Amino acid sequence: MFKKVSIAATVALAALSSSIAIAADEYNVSSGLTAASAPLALHGVDTVAFINTGNRIQGAAKYTAVHDGVAYYFSTKANLDTFSASPDRYTPQYGGFCAFGVSVSKKFDGDPRWADVRNGKLYVFLSEEVFNAYQRDPAAAIAKAETNWKQIRSTAATEL
């Protein structure tokens with residue numbers, strides 16, 4: 001369990017930064033719309049490549065799938081097809097919001113530069129410092145996030 005006040009303070013300060021995604025729904029997306037008329041998830045990173053190989057490969061608009069009103073980019077048609085066959089397996093946890101943030105009942109931007117794949121699930125984090133805090137006890141952070149997500153899932157980030 002994360003008991004250090006400095007980590008909580010860091011997360012709180014991060015909330016004031018301009019890198020936070022503000023969303024009124026369940027997904028952390030880029031502002032604006034893609035050519036598919038849906039906002040972009042995971043900063044355009046190919047989630048299938050990330051989960052299956054651990055590589056952060058930028059996807060391309062020509063390989064776009066829309067799931068639950070959110071666009072996902074892929075680097076290959078094969079990855080697009082894999083996602084389309086089982087999208088829930090490849091979407092980032094907590095709608096792509098920072099897993100550590102969700103563990104403290106907040107919705108912060110989840111940046112794929114700081115991410116972890118555990119048991120085939122993709123967790124993203126706000127920053128390197130927050131990711132390092134998560135790594136001290138990932139199981140506890142995920143357990144708290146699982147509980148909190150049920151309660152904050154449909155709450156706007158600005159209301160948390």
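Things to note:
- Only residues that are assigned to a loop (DSSP other than H, G, I, E, B) and either among the basic types (Lys, Arg) or open to solvent by less than 20 Å² (accessible area, probe 1.4 Å) (or both) were counted across the stretch 134-157, and they come to 2.
- In the stretch 98-118, the residues that are of a type outside the set (Asp, Glu), open to solvent by less than 30 Å² (accessible area, probe 1.4 Å) and assigned to a strand (DSSP E or B): 112, 115
- Candidate set from the stretch 53-79 (those that are without any contact (Cβ under 8 Å) to a residue 24 or more places away in the chain and part of a helix (DSSP H, G or I)); member that is nearest to residue 115 (Cα to Cα): 53
- The stretch 41-60, residues that are in contact with a helix residue (DSSP H, G or I) (Cβ under 9 Å, 6 or more places away or on another chain), over 18 Å from residue 27 (Cα atoms) and either at pLDDT below 95 or not aliphatic (A, V, I, L, M) (or both): 50, 52, 55, 56, 58, 59
- Any hit, the stretch 75-85, residues being under 12 Å from the mean Cα position of the chain (by Cα), within 28 Å of residue 35 (Cβ to Cβ) and at pLDDT 95 or above: no
- For the stretch 119-133, a tally of residues being in contact (Cβ under 8 Å) with a residue 40 or more places away in the chain and either within 13 Å of residue 103 (Cα to Cα) or not in a strand (DSSP E or B) (or both) returns 7.
- Just so you know, in the stretch 119-128 the residues that are farther than 20 Å from residue 73 by Cα and in contact with a Phe, Trp or Tyr (Cβ under 9 Å, 6 or more places away or on another chain) include one that is surrounded by the fewest Cβ atoms within 10 Å (Cβ to Cβ), and it is 128.
- In the set 120, 96, 59, only one residue is at positive phi and in contact with a strand residue (DSSP E or B) (Cβ under 6 Å, 6 or more places away or on another chain); that residue is 96.
- Residue list for the stretch 42-79, restricted to those being buried (at least 19 other Cβ atoms within 10 Å of the Cβ) and under 16 Å from residue 120 (Cα atoms): 46, 47, 48, 49, 50, 51, 79
The values are calculated or read from the model by the stated rules, or taken from the named source; none is laboratory data. Please read all numbers here as calculations on a predicted model, not as lab measurements. Note that we place each Cβ from the backbone using ideal geometry, even for glycine, and neighbour counts take in every protein chain shown. Ligands, DNA and RNA are excluded from the accessible area calculation, which covers all protein heavy atoms including side chains. Shrake-Rupley method; radii C 1.70, N 1.55, O 1.52, S 1.80 Å.
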